[in-house]
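Values quoted throughout were computed directly from the atomic coordinates according to the rules given, and no laboratory measurement underlies them. The model shown is predicted, which means the values in this text are computed figures rather than measured ones. Cβ placement follows ideal geometry from the backbone for every residue including glycine, while neighbour counts extend to all protein chains displayed.
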Amino acid sequence: MAIAVLVVGCGGGGDGNSTDSGQTDPRALPLPPGPSREFVIPGGDNTIQYFGREGSETEREEASTVVESWDRARAARKWEVDCRYLSRPYTDIIVTDAEGVSNGKATTCVQALAFFGSVASGGSDATTTGPIDSLRLTRGTGYAQYHGRNGIDWIVPLKKEDGEWKVEVTAPVDRRK
């Protein structure tokens, strides 16, 4: 399945601030300004926390509206609504994947999400508990970060499409993984 979209565009490049595992060593970098610092994991992969710039409060509110609405639709398995929040390129990926593994039976976004079900959606629980806490962004790409239920932090990759934020994953990504 095409869940690995999260890392696209995060860059890598050797800058001398990485460990052998490719993870950013937070001791080598100053903590990022703003709310993103809440998501830095010592010794963990902190690529997103240093990605681009922190969005303004207005930008976070705009992205949060999309993320919260999408999360509720995803958790309720309202696939038609869920599909409205997904970017066109990401929709193409999941439809292509579903069409291939369903022997041509799933040919639309709604059919793809219904076919993949909880495997794609991550289950039937909403992960948001309120607005997002951080939005890292650059050139139309963003990563919403938020503190969710049960003390789990989540990331949702976003893309600006026709002036609106669209989601680039079928389920929020657990920050610990």
Phi angles of the range 99-108, converted by Karplus (6.51 cos²θ - 1.76 cosθ + 1.60, θ = phi - 60°) into ³J(HN,Hα) in whole Hz with x for Gly and Pro, give 4, x, 7, 9, 6, x, 7, 9, 10, 10
For the ranges 165-176, 112-123, what's the packing order if you count other beta-carbon atoms within 10 Å of each residue, average per peptide, and put the highest first?
165-176, 112-123
Which whole-number percentage describes the relative contact order of the range 57-177, with Cα contacts under 8 Å and a sequence gap of 6 or more?
27 percent
